[in-house]
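Here, each number is a calculation from the coordinates, and none is a lab measurement. None of the values given here were measured: they were computed from a predicted structure. Cβ atoms come from the backbone with ideal geometry, glycine included; neighbour counts cover every protein chain shown.
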Amino acid sequence: MDKLKTGIKNLDGILNGGIPVYSLNIVSGSPGSGKTIFVQNIIFNSARNGLKSLYLTTISESQFKMVRHLQEFEFFSDDFLGDKFIYGDLGAVLRKQGTDEVLGYLTEMIKKHQPNILVIDSFKAIRDIFPDEKTFKAFVFDLAAALSIWEVTVFLVGEYEEKELTILSEFAIADGIFHLYGQEEKRFQKRYLRILKMRGTNFEQGEHLFRISPAGIEVYPRIKPEGKELQYEVKPGKKGFGITGLDEMLSGGLTEGTITLISGGTGTGKTALALKFLLEGAEKCENGLFLSFEEPASQLIDNARHLGWELDKYLADGRLDIKFVSPIELDIDKHAFEILDMVNKNKVDRFVIDSISLFESSVSDIQKYRDYLWAIGQQLKKRHITTIFTVLNEDLFSPVVVTKAQISLMADNIIILRYVEDNSSIKKVLGILKARGINHNKDLREYEITPNGINILEKLDKGNILR
């Protein structure tokens, strides 16, 4: 089946290659949801591929106002106006001649311009002009019959509420239905896209985040692997930290492609331990990515230098990369997609997020946070990327709590870092709570962070100081 490629970032992937040609599609949503920009983006991208579009307005904004707004977007080009992009005023026909002349006007315009794409914006406005539902329903079916003969790909744009999508007659004739809507959160206004129907092709169902940028519409597919996506080969290799005592406790290191939580209180060295894991990989010519929500790259590089680790040469040759993302501006829907984009482009072998506790604080829906984190983890496993998530344990002396978000079940390995009190002094203790597929050491070991790195010391032999 031939398909119309939208050219919108990630949308054609969701649509399994694009929208079937000659299909009739409804783009619905409330005012301001992005419907007009969505369709305009598609037809300007199509114009670059040599396709002609006929854009008919009804009683929505004027052609001149619409063009003025479109000039702000990179996808817009004056060169296509009047040639590949034809405007028509269907609203004038409705006002002066009534609904009986609509089909005749459409036929005349299509014969004259022979477009590949037809847009009516807003189609809901036409519905509102008809005297009753029975008359409008007859018009809708006549229109659908005529469109099937004209062989054009059609977009009917309308201000429909979600509850109307299953009861109004125009949705019965639609081959495809795109529903755009917004959602207010404490720090963001988010926009979402759902494809409710698309005859003749598979598509990714569910809620997909999109944003309107200077480039136009950018879609970020939901990340929720299902079925075959959860089936991946487990590799037997090990990825060590380059810390003698710790690698011995792990029987050589972390199993390749697994997810590890490093949980600990503030100052216990979670970041240092994760950074050393990437440094060890870089020394073995493996690519590493450190995604920080806490410290900028310059500070991490300086901290590493105080531990005797020089990161500059690995940063320069691309074996190590450090990205800082402010948790204040973090959008979990968009960022989950960008994480996978980064690891794919950089061909990452080892990956660290420091810390997922700040990841968690960026969302109001804790279940959504767990779902996304689980999905990211599964995708990383599928790519055989050995991953560390650091997590803050706010109870500094607790021997039990790993994370309050209850996400430890998604981890293959858990390393706990904590403080203990001994004779009026504070010591740091490390233990391996879980290491899937590894006969790991069960001891609690003291450790120290020095100007020469991290040293694992003797087994803790005073059980009473854990209380």
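Using only the alpha carbons of the stretch 3-220, what is the convex hull's orientation-averaged projected area in square nanometres?
On the way: hull surface 46.8 nm².
The orientation-averaged projected area of the Cα hull of the stretch 3-220 comes to 11.7 nm².
Could you work out how far apart the two model spin labels at residue 448 and residue 345 are, taking each label as a point 7 Å from the Cα in the direction of the beta carbon, and quote it in nm?
A separation of 4.3 nm, rounded to one decimal place.
What nm distance separates the two modelled labels at residue 461 and residue 146, each placed 7 Å from Cα along Cα→Cβ?
The answer from the label model is 9.3 nm.
Residues with amide H under 5 Å of residue 197's amide H, sequence separation 5 or more or different chain, H placed in the peptide plane at 1.01 Å from N; which?
Counting only residues 5 or more places away or on other chains, the set is 177.
Name the residues whose placed amide hydrogens come within less than 5 Å of the amide hydrogen of residue 3, ignoring near sequence neighbours (fewer than 5 apart) on the same chain.
Placed amide hydrogens put 21 under 5 Å from residue 3.
Just to compare against my own numbers: the Cα pair-distance distribution for the stretch 56-143, 5 Å bins, whole % per bin, please.
3, 12, 22, 24, 18, 11, 7, 3, 1
Suppose we look only past 27 Å in the calculated P(r) of the stretch 72-200. What percent of the Cα-Cα pairs does that tail hold? Could the numbers behind the result be given before it?
Numbers: 2357 of 8256 pairs.
Percent of Cα pairs beyond 27 Å in the stretch 72-200: 29.
Using the alpha carbons of the chain, what is the convex hull volume per residue in cubic angstrom, as a whole number? Please list the in-between numbers first.
Numbers: hull volume 77.3 nm³, N = 467.
Value for the chain: 166 Å³ per residue.
FRET efficiency for residue 16 and residue 101, Cβ-Cβ distance as r, R0 = 35 Å, nearest 0.05?
That pair, residue 16 with residue 101, gives E of 0.35.
Enter the angle in degrees (range 0 to 90, nearest 10) between the Cα long axis of helix 297-306 and the first principal axis of the Cα atoms of the chain, meaning the one along which they spread out most.
10 degrees
Sequence gap at least 6, Cα distance under 8 Å: using those rules, report the relative contact order of the stretch 25-182 to the nearest whole percent.
Value for the stretch 25-182: 41 percent.
Relative contact order for the chain using alpha-carbon pairs under 8 Å, separation at least 6, rounded to a whole percent? Each step should come with its number before you reach the end.
Values: 883 pairs, mean separation 69.8, N = 467.
Relative contact order comes out at 15 percent.
Which far-off residues, 5 or more places away or on another chain, put their amide H under 5 Å from the one on residue 422, with H placed in the peptide plane?
427
Round to the nearest 10 and give me the degree value, 0 to 90, for the angle of helix 35-48's Cα axis relative to the longest principal axis of the chain.
Computed tilt is about 80 degrees.
Which of 235/459; 134/190; 323/368; 137/190 have a Cα-Cα distance over 28 Å?
Numbers: 235/459 31 Å; 134/190 37 Å; 323/368 24 Å; 137/190 34 Å.
From 235/459; 134/190; 323/368; 137/190, over 28 Å: 235/459; 134/190; 137/190.
Over the Cα atoms of the stretch 240-290, what is the Rg over Rh ratio if Rh follows Kirkwood? Please report the intermediate quantities before stating the final value.
Details: Rg = 11.1 Å, Rh = 11.7 Å.
Rg/Rh for the stretch 240-290 comes to 0.95.
Using the count of nearby Cβ atoms within 10 Å as a rough guide to exposure, how do 119, 429 rank from fewest to most? Don't skip to the end; give the middle numbers.
Working: 119 26, 429 22.
Going from sparsest to densest Cβ surroundings: 429, 119.
Excluding residues on the same chain fewer than 8 positions from residue 52, give the aspartates and glutamates whose Cα lies under 12 Å from its Cα.
Those aspartates and glutamates meeting the cut-off are 83.
Rounded to the nearest 10 degrees, what's the angle between the helix 332-345 long axis and the longest principal axis of the chain, both from Cα atoms, 0 to 90?
On a 0 to 90 degree scale, this one is about 70.
Estimate the FRET efficiency between residue 132 and residue 338 by the formula 1/(1 + (r/R0)^6), using the beta-carbon distance for r and 45 Å for R0, to the nearest 0.05.
Working: r = 50 Å, r/R0 = 1.10.
Result of the calculation: an efficiency of 0.35.
How long is the gain from residue 310 to residue 285 if the chain were fully straight, where each residue apart is worth 0.36 nm and the alpha carbon distance is subtracted?
Numbers: separation 25, 0.36 × 25 = 9.00 nm, distance 1.52 nm.
Value of the extension gain: 7.5 nm.
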